[in-house]
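Peer 1: Below are the structure tokens for one structure; questions will follow.
The values are calculated or read from the model by the stated rules, or taken from the named source; none is laboratory data. Predicted model, so just to flag it, every value in this text is computed and none were measured. Here the Cβ positions follow ideal geometry from the backbone for every residue, glycine too, while neighbour counts run over all protein chains shown.
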Amino acid sequence: MTFLPSSLVKGSVGRRLVSGAGANFLGKVWVLLVQLLFVPVMTAKWGVEGFGVWLMITTIPTYLALSDFGFAMAGGVELTSSVAKGDQDSALKALQTTWVFITSISAIFVAVVFLAAVLWLNLSGSTFAEPFTKSEVFWAICLVTGAAALSLQMTVQKIVFQATHKYALGTILMDLSNFIVSMCVLFSVILGHGIVVAAAVQFVGRLVCALAYMKTRHFYEPWATVGTKHFDKATLKRLFRPSLGALTLTLANSFALQGVVLTIGWALGPGYAAIFATCRMLTRIPLQFSGLLVRASLPELTRSQSQNDPKLTKQLTYWNLRFGLGVLIPSFVLLGILGPTLIDYMSHGEMNAGHLDFLMLGLAAALSGSWTIVGTRLIALNRQGEFAHIALMLYLIVALVPFVSSEDLLLVYLAMILSDAILLYVVNLKDRQ
């Protein structure tokens with residue numbers, strides 16, 4: 001990966017960045033493959049409406065992730081900082097406090113989703129489930145929620161890999177698990193099964209992968225056990241403020257991603273939701289690749305700032321920007337030209353979108369990627385609370401825009417572009433302070 005300077009690549013930090021970015025790249029290739037396969041397979045087997053229902057149900061994992069109140073992110077930074085300082089006692093407190101909190105809150109969330117699904121099942125007159133039955137959608141919701149809870153447990157384990165210079169290993173195993181589970185779901189659909197079987201396959205696959213992931217973590221870092229012995233109230237209080245910032249940022253992103261899909265689906269119909277989600281998926285593929293180095297650099301930025309190394313911190317930030325923009329700008333132009341042809345081919349002619357749709361969504365993705373790159377240095381110090389509330393306000397407005405659109409997504413696109421432009425300005429201002 002020659003985009004890094006030779007002086008950085010030769011050191012241990014450079015090697016970890018290269019391996020971490022490589023692991024991220026492989027993971028994104030798997031994600032891209034799954035995304036490109038899901039659209040034609042599910043629209044062919046279930047129709048656009050059925051695919052739209054699946055997309056709406058699979059927003060649940062995002063909202064389950066919100067139930068940790070941002071503790072996974074804040075706890076990961078705390079754990080990385082403690083390990084960098086050689087303080088194992090504080091590291092265990094950070095890990096187990098994070099695990100206890102996340103496990104307790106996610107259990108409550110799962111129970112709430114189940115009760116809400118039961119209430120919805122007994123409502124009459126709902127057409128949300130079509131072309132599936134309400135009973136099928138109910139069981140799919142329950143199974144997808146269970147799979148999401150298992151995924152959250154894997155996220156807690158992943159912060160151990162991140163904190164102990166094993167970012168690449170933790171990432172590639174996590175992404176491999178996601179790929180295997182997604183492909184199993186895809187094959188169940190190809191074989192002609194419905195939404196319940198697909199959700200059941202997702203749950204069982206996630207269970208097997210979660211157990212294997214935890215076993216691997218124990219093999220490499222047997223000291224980093226989860227439990228209640230090292231749960232610490234003082235650590236909980238200290239993490240609460242940055243975790244709220246992380247929660248707010250996650251909630252904001254959920255409004256910008258899954259929230260918009262849901263409101264488009266409710267206001268304009270599942271068909272519109274499927275078209276919008278597919279177009280945006282294509283325009284955000286470059287965004288996923290532009291973050292390869294950014295994600296790998298997060299623990300390194302935490303260490304460099306914890307150990308007071310401003311030179312390395314500035315160097316990491318500079319190369320994050322250079323690599324990220326080098327991916328985003330050319331991709332924005334290319335998808336603006338080829339996007340309509342690509343979506344028509346992927347959906348067997350069932351979905352139609354114009355060049356303007358792709359240009360506007362591509363611009364929004366480029367702006368989003370830019371402010372994310374700049375904000376990484378703040379996140380590495382648990383300072384995400386300084387801009388997260390602004391992101392939440394802006395993206396909430398974006399999620400509500402479909403309700404005032406009259407069968408036209410143009411206003412949604414404009415709202416997305418404006419919100420990301422404002423965030424880029426705000427995050428850049430905070431980073432300079």
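Peer 1: Evaluate the following for Phe101: is it more than 27 Å from Pro286 (Cα to Cα), of a type outside the set (A, V, I, L, M) and within 19 Å of the chain's Cα centre (by Cα)?
Peer 2: no
Peer 1: With respect to the numbered conditions (1) closer than 20 Å to Val398 by Cβ; (2) touching a Phe, Trp or Tyr at 6+ places or on another chain (Cβ under 9 Å); (3) not acidic (Asp, Glu), which one is the sole condition not fulfilled by Phe276?
Peer 2: If we test Phe276 against (1) closer than 20 Å to Val398 by Cβ; (2) touching a Phe, Trp or Tyr at 6+ places or on another chain (Cβ under 9 Å); (3) not acidic (Asp, Glu), just (2) comes out false.
Peer 1: May I pose another question? Please go through the range 182-222 and give me each residue that is among the charged types (D, E, K, R), more than 30 Å from Glu130 (Cα to Cα) and crowded, with 20+ Cβ neighbours inside 10 Å, ordered by number.
Peer 2: Arg217
Peer 1: Does any residue of the range 269-286 turn out to be out of contact with any strand residue (DSSP E or B) (no Cβ under 9 Å at 6 or more places or on another chain), farther than 25 Å from Gly50 by Cβ and of a type outside the set (D, E, K, R)?
Peer 2: Within the range 269-286 (the criterion being out of contact with any strand residue (DSSP E or B) (no Cβ under 9 Å at 6 or more places or on another chain), farther than 25 Å from Gly50 by Cβ and of a type outside the set (D, E, K, R)), the answer is yes, since at least one residue qualifies.
Peer 1: So, one more: For the condition assigned to a helix (DSSP H, G or I) and loosely packed, with under 15 Cβ neighbours inside 10 Å, what is the one hit in Thr372, Thr341?
Peer 2: Unique residue meeting the criteria: Thr341.
Peer 1: Then there is this: Which residue pairs have Cβ atoms under 7 Å apart, sit 6 or more places apart or on different chains, and have a first residue in the range 27-46 that is crowded, with 18+ Cβ neighbours inside 10 Å and a second that is basic (Lys, Arg) and in a helix (DSSP H, G or I)?
Peer 2: none
Peer 1: Taking Gly324, is it among the small types (Gly, Ala, Ser), closer than 24 Å to Phe38 by Cα and buried (at least 20 other Cβ atoms within 10 Å of the Cβ)?
Peer 2: Taking the combined requirement at face value, the residue does not satisfy it.
Peer 1: Related question: Would you mind finding the one in Phe114, Phe71 that is touching a residue at least 24 places away in the same chain (Cβ under 8 Å), within 25 Å of Thr248 (Cα to Cα), within 24 Å of the chain's Cα centre (by Cα) and surrounded by fewer than 22 Cβ atoms within 10 Å (Cβ to Cβ)?
Peer 2: Phe114
Peer 1: Okay, moving on. For residues that are surrounded by 17 or more Cβ atoms within 10 Å (Cβ to Cβ), touching a residue at least 60 places away in the same chain (Cβ under 8 Å) and either over 22 Å from Val294 (Cα atoms) or aliphatic (A, V, I, L, M) (or both), tally how many sit in the range 379-394.
Peer 2: Within the range 379-394, residues that are surrounded by 17 or more Cβ atoms within 10 Å (Cβ to Cβ), touching a residue at least 60 places away in the same chain (Cβ under 8 Å) and either over 22 Å from Val294 (Cα atoms) or aliphatic (A, V, I, L, M) (or both) number 6.
Peer 1: Return the residue satisfying two criteria in turn: it lies in the range 282-293 and is modelled with pLDDT under 85 and among the hydrophobic types (A, V, I, L, M, F, W, C), and of such residues it is surrounded by the fewest Cβ atoms within 10 Å (Cβ to Cβ).
Peer 2: Ile285
Peer 1: For the condition at pLDDT 90 or above, farther than 25 Å from Ile337 by Cα and assigned to a helix (DSSP H, G or I), what is the one hit in Ala388, Ala421, Ala364, Ala415?
Peer 2: Ala388
Peer 1: Of a type in the set (S, T, N, Q), surrounded by fewer than 19 Cβ atoms within 10 Å (Cβ to Cβ) and within 30 Å of Gly86 (Cα to Cα), is that true of Thr225?
Peer 2: Against the criterion (of a type in the set (S, T, N, Q), surrounded by fewer than 19 Cβ atoms within 10 Å (Cβ to Cβ) and within 30 Å of Gly86 (Cα to Cα)), Thr225 qualifies.
Peer 1: Here's a follow-up. If you check Leu123 against the conditions, is it surrounded by fewer than 23 Cβ atoms within 10 Å (Cβ to Cβ) and within 30 Å of Leu92 (Cβ to Cβ)?
Peer 2: No, not satisfied.
Peer 1: Separate question: Give the residue that is modelled with the lowest pLDDT, with candidates limited to residues of the range 4-63 that are among the hydroxyl-bearing types (Ser, Thr, Tyr) and not in a helix (DSSP H, G or I).
Peer 2: Going through the qualifying residues, I end up with Thr59.
Peer 1: Still on this structure, please answer the following. Please state which one of Leu321, Leu312, Leu287 is over 19 Å from the mean Cα position of the chain (by Cα), under 20 Å from Gly22 (Cα atoms) and not in a loop (DSSP other than H, G, I, E, B).
Peer 2: Leu321
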